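A.B. asks: Next up is a structure, given as structure tokens.
The values are calculated or read from the model by the stated rules, or taken from the named source; none is laboratory data. Here the structure is a predicted model, which means the values were calculated and not measured. A quick note on method: Cβ atoms are made from the backbone with ideal geometry, for glycine too, and the neighbour counts reach across all protein chains shown.
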Amino acid sequence: MNRDIYDINTDDDIKKLLNTTIKQEYYDFSNTTKFKTNNWFSNNTLEIITMLNDKGIAIWINSKGDICYRLSLNNDILIVTTLEKINLILSNLLGKNVKINKNIRPKEDKVKDKYQIYIDDLMLVQNEVFNPTKNEEFYKVNNAYYRNIFKPTFYLKRYVKANIPKMKYSIILNYINHLANYDKDRFNYIIAWLTSFFNTLEKSKISLVLVGNKESGINILFNSIIKPLFGSHYCIEINEDILKQYSADKIVKNKLFYCFNNISKKITNDKKVKSLIEEVIENDNIYINDNKNLISEINVFGQTLITTNNYYLPIHYNKQNYVIFKVNNNIEKMIIKNSEVDDAVKNNINLNNLSNLIKNDLENFSNYLKYYKDMNTTSFQKFFANDDSEDIINKMKDKYSLFVNAIINKDIDFFIPMIHNEKLYKDLIFDFKKNRIKRCNLVGYFNNIYKKENILHTKTLLNMLRDINKDFFSDINIVSSNGERYFKID
């Protein structure tokens, strides 16, 4: 595994990056392409078609035979009620005597009336689809045309202004360093995870899991950074209320980002919920039964983020599709090492003013994300290559957090790898049924799951586990039975 991602390999490299103003000459967007909106007309060069396109006006026919139109790129789609009315509207907008003729253009017609549109001049759109992988609004598949309802945000557009200013110091990079607990590997991972999706809109099938309380600021990543970058209408925060109130297709459909937030133990143990979360993370499409028992297929384009202030995580712990980071520090202790930031700001970081600082940094940060992609393309691609995914994810996993999580959730699947140790495995199953776990068995369980570890003493392991959940592994939570000591599981 090449660990030299983005040439950021040491803490000094991170500090240097956080303080660097990147020069404009690093940019090379000559190969990028602007998202093509309104590319609706057929293969013709009619002057009226060009005029409509220049105005951002689009007209086409849907599969029901309706003439649809939009008066600008941001207008809603309307259905033509009568040709007379649409002719009046277009004539008014263009200042020309525009006429739409419901007939096919005669072969002998030599465009006598250059402002007349025949019905076969319009594109027949089979269906409207959400497809962020297509860099155009109208596209053709197997001789059929489709209209892409996805529109990239200002930040996502596949081009950058020619006169872009120099990129400045980024408060968002400092914030991500805070989420990473100032660890260079975690910092690299979060940046790579976000950069990959930002530049390709191709999901990595790896969920980033952030564990921390509200004061840690973990929710800022989704609410203040991801939503404006990718479009708030394409991002959904999924909590217990959403899972209870909405069907799976309404939750999943037409989204770029899913954020599962503080899913409780009760909901976590719901097999349907757990299956939905796993499918959203791992699959490119999911299949859903409706009330009439009809199966529908939904394309899944979105990346997945999980945020929680507890350890009831709705994931399958033995799979390679997630990375868990525990964010320990209060956001008010976020370290800002840059001379451009006013000392008053440095010494008074809180949830409110940090969100405002981030808002002003979004365009600058989006330029950083484009810069990262081109900085070390080979390493960047290898970072998420299938052959290396298990190595990188295993390295990033917080073993102790996962171990604690599995115990608290009584997740027997997590402990399947130790099934060969019959006595320990039977003890575990028996204790889980009694809502407890034997203190003296903890080291055996841990070393059997993580075979490269060799923790010798229960006290050593407990010191690690108490960093994760002090209350659960406290002496107050211990009960005794038949001379053995157990931690109670609620």
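A.B. asks: Could you tell me how many of the residues in the range 38-61 are surrounded by fewer than 17 Cβ atoms within 10 Å (Cβ to Cβ) and either more than 20 Å from Ile104 (Cα to Cα) or at pLDDT 85 or above (or both)?
C.D. replies: 5
A.B. asks: Further question on the same structure: Kindly list the number of the only condition in (1) at pLDDT below 70; (2) in a helix (DSSP H, G or I); (3) of a type outside the set (Ser, Thr, Tyr) that fails for Pro314.
C.D. replies: Every listed condition holds for Pro314 apart from (2).
A.B. asks: So, one more: Asn143: closer than 30 Å to Gly302 by Cα and surrounded by fewer than 14 Cβ atoms within 10 Å (Cβ to Cβ), yes or no?
C.D. replies: yes
A.B. asks: Could I ask something else about it? If you take the residues of the range 459-482 that are surrounded by fewer than 14 Cβ atoms within 10 Å (Cβ to Cβ) and of a type in the set (A, V, I, L, M), which of them is farthest from Lys434 (Cα to Cα)? Explain how you work it out, then say what you get.
C.D. replies: The initial filter retains those residues of the range 459-482 that are surrounded by fewer than 14 Cβ atoms within 10 Å (Cβ to Cβ), namely 459-460, 463, 470-471, 474-476, 478-482.
Now restrict to residues that are of a type in the set (A, V, I, L, M): 476, 478-479.
On the way: Ile476: 18, Ile478: 14, Val479: 12 Å.
Per the criteria, the residue is Ile476.
A.B. asks: Another question, if that's okay. For the range 235-257, name all the residues that are among the aromatic types (Phe, Trp, Tyr) and either at pLDDT below 95 or assigned to a loop (DSSP other than H, G, I, E, B) (or both).
C.D. replies: Tyr246
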